[in-house]
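Written below as structure tokens is the structure these notes are about.
The values are calculated or read from the model by the stated rules, or taken from the named source; none is laboratory data. Keep in mind that what you see is a predicted model, and the values were worked out from it rather than measured. Positions of Cβ are backbone-derived with ideal geometry, glycine not excepted, and every protein chain shown enters the neighbour counts.
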Amino acid sequence: MSRFILVALAFKCVASDWPQYRGSWHDGISRETELEQEWPVGQPTQVWKTSVGVGFSGMSVANGRVYTVGSDGQRKGGKDTVYCLDETTGKEVWRFSYAQDLDPKYYDGGPGATPTVSNGTVFTVGRHGLVHALDAASGKVVWARDVAKELGLARPDWGFNGSAIVQGDALFLNAGTSGIALDSKTGKARWVSGKEECGYGTPVPFQQGGRPLLLMFGAKHVHAVEPGTGNEAWRLPWKTDWNVNASDPVVVRDRMFVSSGYGTGCAVYDLASSMPRRIWTSKEIRAQMASVIVIGNHVYGVDGQGGDKDSRLKCVELETGILKWASPMAETGNLAAVGQRLLWLTGSGELVVVQAVPDGYREIARAQVSGGKHWTAPVIANGRLLVRNARGDVVCLDIKGGKPR
């Protein structure tokens, strides 16, 4: 097992939850603190480890609790279970199960959407369209809706995998042509954009010219919709094989970065005017599922997809698309960031800490922190790092600093 050598992961511990997919700011970046000192030689300390079943649902952290979803692995007559764990110990606080087969089409199967925690409620999205609102403290059902069946929405080939987001008293999902909105208190539909197949990304809130909008990465387009009405402000064609539009677009200032896998590549659009204008396209980052991190004027992302032998972590310039560097090691994986550090959890469960700078690949440290297949993004919350593999092992690591055990 490789060692964590001089890894700069010490925090001025300021409480910072991670209540939804990609964190509070929808960008995969923790605002917990600046990194300020170096770790001594050794592995990061494992705080706890538990198992939650098969799947790729991420972890959400809120008010001392960790929430995630896993499958019992049954192809027929199966169930998914929502787990609420104590953040400090990993012990189960409550669980809630619902009917859902494993559905392992070309991969392990199981849930892909991450729970969203807002105002004391946990919102989950099942593969076949079953949406639950659960009381965060007890797991009691507040409401449940089968949006695919009740609203007549087409189910994408690999099911509904985008996580929900909450704004005010509205719950938004990437379902239907360009999204749907439900009342977060009752589950009642507020608007449905259309009934066609959706993409696999999570809605991304942004502003264009001071106008609040939501990005929906649809099956064949990037859609910008008004959150109050569901009306489209614009749509841009974006075609990926098998309609796998899954990596969330990112908006930084008046620039939108979009990427997908299967050789499609990436592009940046200027959002300064009402209709986006494409600035550049490139094949440098072909992000199948792992959303990119944008820090300053540069984009950091995993180019490639599960099983690719030539996948690389890359840095490109946001304004031009020029490749600044590519990692020497060939690995897939997923990203989170804190300060000027990228936390790259590789597809094989190795944690690699890389400086987020454009003038070259600068690896600070690495450690094997888990085994098996890792497609789920790592989570940074309250001085801890949470990672999960496909079979459902969740590992909590202390990254506050100090001497590891």
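From the set of residues in the range 198-213 that are outside any loop (DSSP other than H, G, I, E, B) and over 21 Å from the mean Cα position of the chain (by Cα), which is surrounded by the most Cβ atoms within 10 Å (Cβ to Cβ)? Out of the qualifying residues, it is Gln208.
Screening Met289 on (1) within 27 Å of Asp254 (Cα to Cα); (2) part of a strand (DSSP E or B); (3) under 21 Å from the mean Cα position of the chain (by Cα) shows it passes everything except condition (2). Taking the criterion of being free of Cβ contacts under 8 Å to residues at least 60 places away in the same chain, surrounded by fewer than 24 Cβ atoms within 10 Å (Cβ to Cβ) and not in a loop (DSSP other than H, G, I, E, B), the only residue of the range 167-180 that qualifies is Ala170. Take the residues in the range 128-137 that are of a type outside the set (Gly, Ala, Ser) and either in contact (Cβ under 8 Å) with a residue 40 or more places away in the chain or under 14 Å from Lys188 (Cα atoms) (or both), then tell me which one is surrounded by the fewest Cβ atoms within 10 Å (Cβ to Cβ). Only one residue tops the list, namely Leu130.
Asp157 - would you say it is in a loop (DSSP other than H, G, I, E, B), surrounded by fewer than 23 Cβ atoms within 10 Å (Cβ to Cβ) and under 22 Å from the mean Cα position of the chain (by Cα)? Judged against the criteria, Asp157 is a match.
Taken over the range 356-395, the residue count meeting the criterion of being in contact with a Pro (Cβ under 8 Å, 6 or more places away or on another chain) and in a loop (DSSP other than H, G, I, E, B) is 2. Scoring Gly307 on the criteria (1) at pLDDT below 95; (2) of a type in the set (Gly, Ala, Ser); (3) touching a Cys at 6+ places or on another chain (Cβ under 9 Å) leaves a single failure, condition (3). Across the range 338-355, the number of residues qualifying as free of Cβ contacts under 8 Å to residues at least 40 places away in the same chain and assigned to a loop (DSSP other than H, G, I, E, B) comes to 1. For the range 72-87, the set of residues classified as more than 16 Å from Thr114 (Cα to Cα), assigned to a strand (DSSP E or B) and in contact with a Lys or Arg (Cβ under 9 Å, 6 or more places away or on another chain) consists of Asp86 only. Considering only the range 138-148, I want to know if a residue exists there that is out of contact with any Lys or Arg (no Cβ under 7 Å at 6 or more places or on another chain), surrounded by fewer than 20 Cβ atoms within 10 Å (Cβ to Cβ) and within 14 Å of Phe172 (Cα to Cα). Yes: one or more hits.
Candidates Val93, Val69, Val61: the one that is modelled with pLDDT of 95 or more, closer than 19 Å to Leu397 by Cβ and outside any loop (DSSP other than H, G, I, E, B) is Val61.
Condition (residue is part of a loop (DSSP other than H, G, I, E, B) and among the aliphatic types (A, V, I, L, M)) applied to the range 214-223: is it met by at least one residue? Scanning the range 214-223, I find at least one residue that is part of a loop (DSSP other than H, G, I, E, B) and among the aliphatic types (A, V, I, L, M), so the answer is yes. The residue pairs whose first member lies in the range 268-280 and is more than 10 Å from Leu236 (Cα to Cα), whose second member is of a type in the set (Ser, Thr, Tyr) and in a loop (DSSP other than H, G, I, E, B), and whose beta carbons are closer than 7 Å, counting only pairs six or more residues apart or on different chains, are Trp280/Thr320.
Applying the criterion of being crowded, with 20+ Cβ neighbours inside 10 Å and of a type in the set (Val, Ile, Thr) to the residues of the range 238-269, the residue that is nearest to Lys309 (Cα to Cα) is Thr264. Scan the range 306-330 for residues that are under 18 Å from Val352 (Cβ atoms), in a loop (DSSP other than H, G, I, E, B) and in contact (Cβ under 8 Å) with a residue 40 or more places away in the chain and the total you get is 1.
All of Lys185, Lys195 fail the test of being among the charged types (D, E, K, R) and either in contact with an Asp or Glu (Cβ under 7 Å, 6 or more places away or on another chain) or surrounded by 17 or more Cβ atoms within 10 Å (Cβ to Cβ) (or both), apart from Lys185.
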